[in-house]
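Scroll down for the structure; my scribbles are underneath it.
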Amino acid sequence: MEKELLEGQVRLVNEVIRKGICVRCGACVGLCPYFQYHDGKVVVADRCEAGTWRCIQICPRIPYERASLYEHFYQIKEQPQVLGPYKRIIAARSAEMQIRDVAQYGGVVTALILFAIENGMINWAVLTDRGESLAPRGLLCNSREQIIACSGSRYTASAALQEVNLAIKSGKQGIGFVGLPCQMEALSRLALSEPEGRERFSSIALRVGIFCTWALDWRRLRSYLEAKGLTGIAKKYDIPPPPSEIFVVETQDAKMELPLSEIRKIIQPGCKFCEDMTAEFADISVGTLEGEEGWNTVILRTDKGVELFDRAVQAGMLEEKQLPASNLDHLKEAASNKRKKALQAREEGEDG
Amino acid sequence: MDKVSTTEGGKRMLLQANEAIARGALEAGIIFAAGYPGNPSSEIIETLAKASHDLPIYVEWSVNEKVALEAAAGASFAGCRAICSMKQNGVNVVSDFLTNLSLSGTKGGIVLVSCDDPGGISSTNEEDARAFAPLSDIPLLEPSSPQEALDMTRWAFDLSEAIGNIVMIRSVSRLSHSRSDVVVGGLPDFTARPYFDTQVPFHTFPIITKHQARHEKLKAAEDLFEKSSFNYYRGAQRPELLVIGSGCAVDYALDAIQTMNLWERVGVLKLGTTWPIPRRLLLKHLQKCQHILFVEDVDPFIETHVKAFAAERAQELGLKVFHGKGSDELPSCGELRPAQLLDFFGNYFNLSWGAENFTNKVETLINGRIPPREFGFCPGCPHRGSFYAIKTALAWDDRDGFVSGDIGCYSMAIWPTGFNQLKSVHAMGSGLGIACGYGKLENFGFEQPVITVCGDSTFYHAALPALVNARFNNADILLVVLDNSATAMTGFQPHPGTGKTAMGEPTQPVDVVAICKSMGLDVYVGDPYEMKQTAEKLYELMQQRGPRVMVLRRKCALVQGREGGFPYGMHVDQDLCIGEECGCGRYCTRIFRCPGLIWDKEKKKAVIDQVICVGCGICAEICPQGAIKKELK
Amino acid sequence: MEINTIITGVGGQGNVLASQILGNAAVHKGFHVSIGETFGLSQRGGAVMSHVRLFREPKYSPLIPPNMAHIIVGLEPLEALRITREFANPETLFIVNSRPIHPLNVIAGDVDYPDVRWIRNVLEQCGSKLYWLEGTQIAIDLGGPIMLNMLMLGALCAIEMFPLEVRDIKAVLGETFPKSKLEMNYKALDMGKELIRNHEN
């Protein structure tokens, strides 16, 4: 990192927060008291006057040489394939019905985390809770009940990295993290940050990324749903595969279908600058398997990821099968589109 | 046994002017006293309350000044002598009743004491309450010393009964809080027997007739003033300059004339009866010379009225040259100080004064290195916790929300001690009144959440009608009542919620929560020491509509200090503290700013000041490194 | 004849009470007294200043005119320095407690509290004499920081120019303090006097 790029909290406030492009990854929260996350938003609680600034080194909306991350984590020199570096790509699902019932698709993430904890590969997992009257937030888990309770897609950001920062600060080791591509990038930048970035990152034992095209602004989503007459806490969200253009919200007593075109207006503005759909900086990345309800697409990127996955399969936690070629093509196309749009949005000068 | 109520007549004792006013009232035989706390007036009722343990009198802290004057008037209508005291803002509050009372007239001697605060040392404004004397056509007396304060107060009741109307006495902070040796008079037998003569009602009708009668009363007072020893002249028989003034300002003028040896050239007409100004006396002295200087606090009150009089009598008086606030030769704002009078005389008579060599030397030595002393909440103050929670909740909400403020210790939240949260402070209860305005702007696109704060005493004084208004008009207001069980800023006087009266008797407390509930409002009670929980609740309430109330309840730290103190011993773990580094940036001392937390510049660590810290323990929550430790003592 | 003394400090140090006790003692001894105070909001961390004027003739004047203070008693060093330019003169005698009470803005790091040794140095150059006393620690040993005001009163009475003695203060203390507190306060007064004696030697 070139030090002359660093300018302090002021830069984060002016270039990210005030511009409204914060994606609520939570990387800057929990490092200090000045940024706080509450109910779906990262806010500036006070102004900081400290001498060095971790926050601007790790914020995914502050420009960064991506190449240095590829080099550090994958030892490669240039931009790899459109899905990022990986060793294997496969389809899988949880072997346990109980998990598949609460999961969004195949329950692979939940199963992997459960397996990792139960076998001592990680001591803790930072996941995202369901959110009730308040937006989802990160949750430090180590029990089966907690982990299963965090299953399911959120469609909104949760600033879960806050909990990772707090866990590291309190001296916890062997932390596993499940997060969105922006969060995986921020976590990776933590490893290269000064001071003590390497030291802090050494507490992380497992990184599981989730595919993501965009995330919604929680507060605006809540207002929108209230205006549509939806009372009660949302229990599940879903976007059925094309050609249906709807967004489904389920509460205790109701199920509402809303036009995706209206929902797209509630996407976080910051998401348009994100080029990573499949969470390239992770041990394992997991997403939907289009066309096959109840299955996940799984990308194994590192040796650690491969080892965890294979052991889970051997132990009977996961079922795997080959990924159909058309799915792979579709995925590459979607990832490539996201990258193109992001680079274009940055060029149009709205990014830093 | 209290010295004010027990000292025999003829004795000389050290008295504060406010105590002297109380003594004067006792010597006049008052049996009723009411007021509302307000600096610099509070000691008057406090002294009388103490006296009530020795003497058969009744003293109360009323819920506000208007009710206080009304109650005192009740005693007067029943033929008893009564006194009512307040600060300048209180006179604004009583003005509607006062202008009617002076029309209906009174029976038992009744005196209104206004203690003004020139310079606004402990006020939200600077105001000259003397304006209410001509407005209500009532006599006005201004003491210039604690002795005079006693003598005038005693006499004012005779005057009030002689003319059948209320009399106003006006003091200022400098006088009220000063002490001097005073010779007291004797105390009477307190033989008042209240009786309302139903043959003699107290109407203001017919208005014109009553108004004319009021003017007659004033004329009668003026006649008495012509002979009053509260007015006197000192100095040259044929002065080059005549000084006319009242109050402490006259004392400084006398001092300056003495210092500069000007008694041959200057004369001073000291006025103690300043409305109506006795015109024959005035005429006599105005004839002495052409140049007139006016010295008084705060407004050019005497100045303006004398100028008008001089204009009326121009044929006899000839051309006059007036000096004072109108000529910009004395400042028109702030408290008049000795240096300003020395400056004036120096310029006028072309004399030098002062120790310029010395002051220049000191200024050079000091070279601007003396920092100002910022006001702040005491260590352990619950308001610190309340405003920290409010600041946090408003930040989380992120819609440019703000706080509408009111009067009390918590008014200091306009400053860094309360994180600069208050964006407006006006009169008692105004915080909620203004919020009723914001609360109806949503339909015009107003989206900023507004939190209103008011103290427990303020709630009873003036916020109640505004709360009824909010309920009635369904305004979007979020009221946070800061209940520290005290009227703290003015000195811990009891109020309707504290369960005790001014005279120390137990009474049924008036419960803020019950009142709100009776209006159909949901009320949440929280603890300002639990800052995170309070912030979460406030955030939740900010997302709702309509009138909402939260009560944050925790005793004032100074009261708690007297009632057993706090449970914790605090220290900062020097190994865990990272000070200025990223991750903290001196958060506790720079942002939280409790006087018990100090920044050690050498060690570059935060440290607890064990002399100042009281051990409330709430700072332990805010350290990002968990370095602030609390242990049960 | 007049003796003008200023007692200055920070809200909460008890300087108003000290001035009251002083005034009371002076009245008992036959002086005419004028005490002017600035307080109110001051309790909340602000400065408090008492002007204590002793006269032989009857006189009331609550504020000491510019540069006419004979003695300045500072319960807090910065506050003593703050009023020097306006009220002191080359003959002024200073009795100052050495321990700072940091203003909030200093604690927060917005401004610096000047080095106490610099304050001492400037005061020494301003008046005729400076008694620089380690008052706070002694007060704490006597029972708590609140004993400082009585300690300083004792010191004031030890000054020759000042017309009251410690015994004059002791004579009126019963009007202010309950019996149980008298011993403690007598001790503080005596200690203050000691401090001045020791300073001279």
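Structure data summary
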| item | result |
| --- | --- |
| Answer residue from segment B:420-458, given it is under 20 Å from the mean Cα position of the chain (by Cα) and farther than 21 Å from B:Cys556 by Cβ and is surrounded by the most Cβ atoms within 10 Å (Cβ to Cβ) among those | B:Ser430 |
| Unique residue being within 24 Å of B:Gln258 (Cβ to Cβ), in contact with a Gly (Cβ under 8 Å, 6 or more places away or on another chain) and at the interface with chain B (Cβ under 8 Å from one of its Cβ atoms) when the list is C:Val27, C:Val52, C:Val33 | C:Val33 |
| Qualifying positions in segment C:55-71 - crowded, with 20+ Cβ neighbours inside 10 Å, more than 9 Å from every other protein chain (Cβ to nearest Cβ) and closer than 26 Å to B:Phe345 by Cβ | C:Ala69, C:His70 |
| Residue match in segment B:174-193 (condition: among the aromatic types (Phe, Trp, Tyr), surrounded by fewer than 15 Cβ atoms within 10 Å (Cβ to Cβ) and without any contact (Cβ under 8 Å) to a residue 60 or more places away in the chain) | no |
| Whichever residue in segment C:167-181 is surrounded by 16 or more Cβ atoms within 10 Å (Cβ to Cβ) and of a type in the set (Val, Ile, Thr) and, among such residues, is nearest to the other protein chains (Cβ to nearest Cβ) | C:Val172 |
| Unique residue being outside any helix (DSSP H, G or I), within 13 Å of chain B (Cβ to nearest Cβ) and among the aliphatic types (A, V, I, L, M) when the list is C:Ile146, C:Ile101 | C:Ile101 |
| Conditions (1) in contact with a helix residue (DSSP H, G or I) (Cβ under 6 Å, 6 or more places away or on another chain); (2) part of a loop (DSSP other than H, G, I, E, B); (3) not hydrophobic (A, V, I, L, M, F, W, C): number failed by B:Arg174 | (2) |
| Residue in segment B:348-364 that is within 30 Å of B:Cys289 (Cβ to Cβ), more than 9 Å from every other protein chain (Cβ to nearest Cβ) and without any contact (Cβ under 8 Å) to a residue 40 or more places away in the chain present | yes |
| Residue in segment C:112-131 that is touching an Asp or Glu at 6+ places or on another chain (Cβ under 8 Å), modelled with pLDDT of 95 or more, more than 7 Å from chain B (Cβ to nearest Cβ) and not in a loop (DSSP other than H, G, I, E, B) present | yes |
| Criterion (surrounded by fewer than 17 Cβ atoms within 10 Å (Cβ to Cβ), under 28 Å from B:Cys613 (Cα atoms) and at pLDDT 95 or above) met by exactly one of B:Val468, B:Val525, B:Val480, B:Val551 | B:Val525 |
| Residue match in segment A:180-195 (condition: in contact with a strand residue (DSSP E or B) (Cβ under 9 Å, 6 or more places away or on another chain), in a loop (DSSP other than H, G, I, E, B) and not aliphatic (A, V, I, L, M)) | no |
| Flag if B:Leu15 is in contact with a helix residue (DSSP H, G or I) (Cβ under 6 Å, 6 or more places away or on another chain), within 14 Å of B:Val113 (Cα to Cα) and aliphatic (A, V, I, L, M) | no |
| Conditions (1) among the polar types (S, T, N, Q); (2) more than 34 Å from the chain's Cα centre (by Cα); (3) not assigned by TED's automatic domain parsing to the domain that holds B:Ser518; number of the one not met by B:Gln544 | (3) |
| Within segment B:209-310, strands (runs of 3 or more DSSP E) holding 3 or more residues that are not aliphatic (A, V, I, L, M) | B:232-235, B:273-275 |
| Candidates B:Ala149, B:Ala129, B:Ala82, filtered to the one that is of a type in the set (A, V, I, L, M, F, W, C) and farther than 22 Å from B:Leu48 by Cα | B:Ala129 |
| Subset of segment B:572-623 [of a type in the set (Gly, Ala, Ser) and either under 21 Å from A:Leu31 (Cα atoms) or assigned by TED's automatic domain parsing to the domain that holds B:Asn420 (or both)] | B:Gly579, B:Gly583, B:Gly585, B:Ala606, B:Ala620 |
| Restricting segment C:132-149 to residues that are in contact with a Gly (Cβ under 7 Å, 6 or more places away or on another chain) and at pLDDT 95 or above, the residue that is farthest from C:Ala26 (Cα to Cα) | C:Leu148 |
| Which listed residue is at pLDDT below 95, of a type outside the set (A, V, I, L, M, F, W, C), assigned to a helix (DSSP H, G or I) and not assigned by TED's automatic domain parsing to the domain that holds B:Ser42, from B:Ser457, B:Ser485 | B:Ser457 |
| Test for B:Arg384: is it more than 18 Å from the chain's Cα centre (by Cα), among the basic types (Lys, Arg) and either crowded, with 24+ Cβ neighbours inside 10 Å or part of a helix (DSSP H, G or I) (or both) | yes |
| Residue under evaluation C:Leu153, criteria (1) over 30 Å from B:Asp600 (Cβ atoms); (2) among the hydrophobic types (A, V, I, L, M, F, W, C); (3) not in a helix (DSSP H, G or I), criterion not met | (3) |
| Candidate set: segment B:599-626, residues that are over 26 Å from A:Phe35 (Cβ atoms) and of a type in the set (A, V, I, L, M, F, W, C); chosen: the one nearest to the other protein chains (Cβ to nearest Cβ) | B:Val611 |
| Condition check for A:Ser151: touching a residue at least 12 places away in the same chain (Cβ under 8 Å), assigned to a loop (DSSP other than H, G, I, E, B) and either in contact with a Ser or Thr (Cβ under 9 Å, 6 or more places away or on another chain) or among the hydrophobic types (A, V, I, L, M, F, W, C) (or both) | yes |
| Single condition B:Asp343 does not satisfy, out of (1) more than 14 Å from chain C (Cβ to nearest Cβ); (2) surrounded by 16 or more Cβ atoms within 10 Å (Cβ to Cβ) | (1) |
| Check on B:Phe377, surrounded by fewer than 24 Cβ atoms within 10 Å (Cβ to Cβ), hydrophobic (A, V, I, L, M, F, W, C) and more than 14 Å from chain A (Cβ to nearest Cβ) | no |
| Some residue of segment B:157-169 being of a type outside the set (Lys, Arg) and within 17 Å of the chain's Cα centre (by Cα) | yes |
| Within segment B:146-171, tally of residues that are in a helix (DSSP H, G or I), more than 13 Å from chain C (Cβ to nearest Cβ) and of a type outside the set (S, T, N, Q) | 10 |
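Every residue, every condition in (1) surrounded by fewer than 24 Cβ atoms within 10 Å (Cβ to Cβ); (2) among the hydrophobic types (A, V, I, L, M, F, W, C); (3) closer than 27 Å to B:Thr498 by Cα; (4) within 14 Å of chain C (Cβ to nearest Cβ), yes or no:
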site: B:Asp2; (1), (2), (3), (4): yes, no, yes, yes
site: B:Gly24; (1), (2), (3), (4): no, no, no, no
site: B:Pro37; (1), (2), (3), (4): no, no, yes, yes
site: B:Ile44; (1), (2), (3), (4): no, yes, yes, no
site: B:Lys50; (1), (2), (3), (4): yes, no, yes, yes
site: B:Lys66; (1), (2), (3), (4): yes, no, yes, no
site: B:Ala78; (1), (2), (3), (4): yes, yes, no, no
site: B:Gly119; (1), (2), (3), (4): yes, no, no, yes
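The values are calculated or read from the model by the stated rules, or taken from the named source; none is laboratory data. Values in this document were obtained by computation on a predicted structure and should not be read as measured data. A quick note on method: Cβ atoms are made from the backbone with ideal geometry, for glycine too, and the neighbour counts reach across all protein chains shown.
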